[in-house]
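Participant: This structure is in structure tokens; I'll ask about it shortly.
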């Protein structure tokens, strides 16, 4: 084996050095006109030879492609490069989905035979050339930030922002925030100036970033739910203002996508219903081929993570369980709480569990563990006058079914959960069960509820998929020049 590898390497060492540019990786490069045999390797079966090439790695395999036509045909086999992709930290399924579905940008285009039409050798080299981007997944509770080349967000900061308050001039607010916070990797939408300053103070020295060097992907919470002209104008104004601020800071390219769509991409889907349980509000967003179907209707309920934490605090106080802060209550919610499959049956069970909170000792909870999450389905338990999560999702599905937007109803029967509270154990199973009971068989057959694929950072990972595409930033980002000319401003909102 060592001798074979030396011979392979010897045939490459006299050739021009490998570059990672997409042209040198292309099976149709100018050097392809040369033709020769594999020499002493002609007698080796192709499957054995392929195993040898796998051992030398992608960089050296790419060098073989410029030796001669025979070597190029061998090493350009998609199966070889799929093997190399599978040895990378990023899941191959995510890479395959991104490169076959998302590479052309918005609107989403799919290929009938993606593995036959795409060269994964080209894609491997092009992905190595992608410079990466700054990713900011912000919400009214927390902001997750980091580089697209990182395996996970660099960190997250509590924001506790209040979206929708636009009393002060939008541009000045965003300009002040972006210019001050860029050293901590930015945050997309801010409407409360005082809380913005608090967020900036917390994150100021996290990561030193020069705005002019990297594209930025910003996740935008769903806002202005309606499809009315006023709501469209508000979304357009907000979008223009964000781009204006960032381009005035010399950001080379901006990609702004709503959180629900990013969560759907992270789950490997382009169509479905995203249930995003935010800090204060839960939104139920129907998405078809990457586009939010506002005409169908975006449902929302006035329940979020803050309400669940507050309800657990009330239950603890009623049972004379002392705690020091809401942070402790939130930690107990994350560590001990779950959603019961059958609430009434759960009441008769022994559900005691304990958790040691740092600095406060052990906490033992019983019924509080599942009563907290139950308010998502029975909001009146917490004094909230709104429909339950199951009824809101069922209503959205009923609207999607009536709209007849696609040839069949399969597109809205996948429900993807997003948000930290959506990670509560048992939530996906309970919601799926309730939907089957609420909806007629013609709609409920085939419904599948998917828990957050990447936990509370699901939207961030959806942005990472886009940022690491072999075609990024081209089809996904708006440049300053394009923004000025208004020629390609159809990024989904």
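The values are calculated or read from the model by the stated rules, or taken from the named source; none is laboratory data. Keep in mind it's a predicted model, so treat the numbers as computed, not measured. Here Cβ is always computed from backbone atoms with ideal geometry, including for glycine, and neighbour counts include all displayed protein chains.
Participant: Report, by residue number, each residue of region 38-72 that is assigned to a helix (DSSP H, G or I), farther than 21 Å from residue 128 by Cβ and touching a residue at least 12 places away in the same chain (Cβ under 8 Å).
Facilitator: 39, 40, 41, 46, 49, 50, 52, 69, 70, listed by residue number.
Conditions tested, residue by residue: (1) outside any helix (DSSP H, G or I); (2) closer than 30 Å to residue 97 by Cα; (3) out of contact with any helix residue (DSSP H, G or I) (no Cβ under 6 Å at 6 or more places or on another chain).
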| residue | (1), (2), (3) |
| --- | --- |
| 273 | yes, yes, no |
| 280 | yes, no, no |
| 309 | no, no, no |
| 315 | no, no, no |
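Participant: Can you find a residue that is touching a helix residue (DSSP H, G or I) at 6+ places or on another chain (Cβ under 7 Å), at pLDDT 95 or above and outside the structural domain of residue 434 (by TED's automatic domain parsing) anywhere in region 317-327?
Facilitator: No: zero hits.
Participant: Counting only residues that are touching a helix residue (DSSP H, G or I) at 6+ places or on another chain (Cβ under 6 Å) and closer than 26 Å to residue 266 by Cβ, give me the strands (runs of 3 or more DSSP E) lying completely in region 340-453 with at least 2 of them.
Facilitator: Here the list reads 414-418.
Participant: Turning to a different aspect of this structure: Restricting the search to region 336-352, which residues are at pLDDT 95 or above and surrounded by 15 or more Cβ atoms within 10 Å (Cβ to Cβ)?
Facilitator: Correct list: 336, 337, 338, 339, 340, 343, 346.
Participant: Among the listed residues 251, 296, which satisfies the condition of being assigned to a loop (DSSP other than H, G, I, E, B), over 27 Å from residue 326 (Cβ atoms) and in contact with a helix residue (DSSP H, G or I) (Cβ under 7 Å, 6 or more places away or on another chain)?
Facilitator: 296
Participant: Moving to a separate point now. Conditions first: (1) modelled with pLDDT under 80; (2) surrounded by fewer than 21 Cβ atoms within 10 Å (Cβ to Cβ). Residue 245 passes all but one, so which condition is the exception?
Facilitator: Just one mismatch for residue 245, condition (2).
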